[in-house]
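No lab work stands behind these numbers, since they all come straight from the coordinates. Please read these numbers as outputs of a predicted model, since none were measured by experiment. Using ideal geometry, Cβ is built from the backbone for each residue, glycine included, and neighbour counts are taken over all protein chains shown.
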Amino acid sequence: MQRYFIPPGQLTASEAVVTGDDAHHIANVMRARIGDSIIVSDGASREVRATIAELGKGRIVAAVAEELPMTAEPGMRVTIAQSLPKGDKMETIIQKGTEIGAVRFIPFLSERTVVQYDAKKETKRLERWHKIAKEAAEQAHRNRVPEVEPPQTWKQLLQSVREADAAFFCYEKEAGTMLKRKLRSAIEARGGANGMNVLLIVGPEGGFSEREAQEAEAAGCVPVLLGARILRTETAGLVGLTCLLYEAGEMGG
């Protein structure tokens, strides 16, 4: 059954109104008919099964048939902070990270970031990133669409550390400190993983500089390894995210 996210104001006690590209997708791509069922979420607190009652141009009205439980979101809330990678790698990170269970993405600029950041293109790029997150959340049957923040500076990112219950940064020069061990310690200190906010920071293609590593630790981040092998920047965040959610019991653990 197809799933769609709509603004909270378009989901009432009795009906759901789907507009824009999603309405086009329902009518012209899925070729839905009156009486067909869809799943609609407001991305906040409600998800319903609804029966299509009206098919209009750019507007679909569906009658709420059943309230559904909001059980698809992980108890541990993981934010991936990713130094902007080259090409379309950020799109892959957002898409796959959404499928796995990340709740937020923070692109940032670091000392060895290779890509040339163009602020003039930020709005268009953010719109595309949000669209990718929404489509991936629908495909993965998420209850919410992950947030995608505008790119931040390194200093701005470090200020976000105080918001997290635990913050880890992937650093290949950190000898022998595995993410699993540090995460378990953090979970035990907090008394459980449910509701825990975790920040996972991933560097660019060239990794973090020693100065950045020192600044990250001073801000409260814990340097960790993801294994004995060096991972590409677009791989590291996804591996780290999977490890975090597995240890929290969110992926069959």
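Computed over the chain, relative contact order equals 20 percent, with contacts defined as Cα pairs under 8 Å that lie 6+ residues apart.
Cross-link reach is defined here as a Cα-Cα straight distance under 18 Å, omitting same-chain residues fewer than 8 places apart; for LYS96 the lysines meeting it are LYS86, LYS131, LYS134. Just need log10 I(q)/I(0) for the chain at q = 0.08 Å⁻¹, Debye formula, equal scatterers on the alpha-carbon atoms, no solvent, rounded to two decimals. The computed values of log10 I(q)/I(0) come out as -0.36. Between the amide H of ASP36 and those of ILE52, distances stay under 5 Å, these residues lying 5 or more places away or on another chain, with hydrogens modeled in the peptide plane. For PHE169, the residues whose modelled amide H falls within less than 5 Å of its own, excluding neighbours fewer than 5 places apart on the same chain, are ILE201, VAL222, VAL224. If you filter the stretch 1-55 for trypsin sites (Lys or Arg not before Pro), then keep DSSP loop positions with at most 16 other Cβ within 10 Å, what is left? Those that pass, being in a loop and sparsely packed, are ARG31, ARG33. In the chain, helical runs assigned H by DSSP with n ≥ 4 each contribute -39500 (n - 2.57); averaged across all residues and rounded to the nearest 500, the mean residue ellipticity at 222 nm is -9500 deg cm²/dmol. Based on C-alpha pairs under 8 angstrom that are at least 6 apart in sequence, the stretch 3-67 has a relative contact order of 37 percent.
Span-like helix criteria (full DSSP H runs; alpha carbon extent of at least 20 Å along the helix axis; mean Kyte-Doolittle hydropathy of at least -0.5) are satisfied in the chain by 233-247. If only the Cβ of Lys and Arg carry +1 and only the Cβ of Asp and Glu carry -1, the dipole of the chain around its Cα centre is close to 340 debye.
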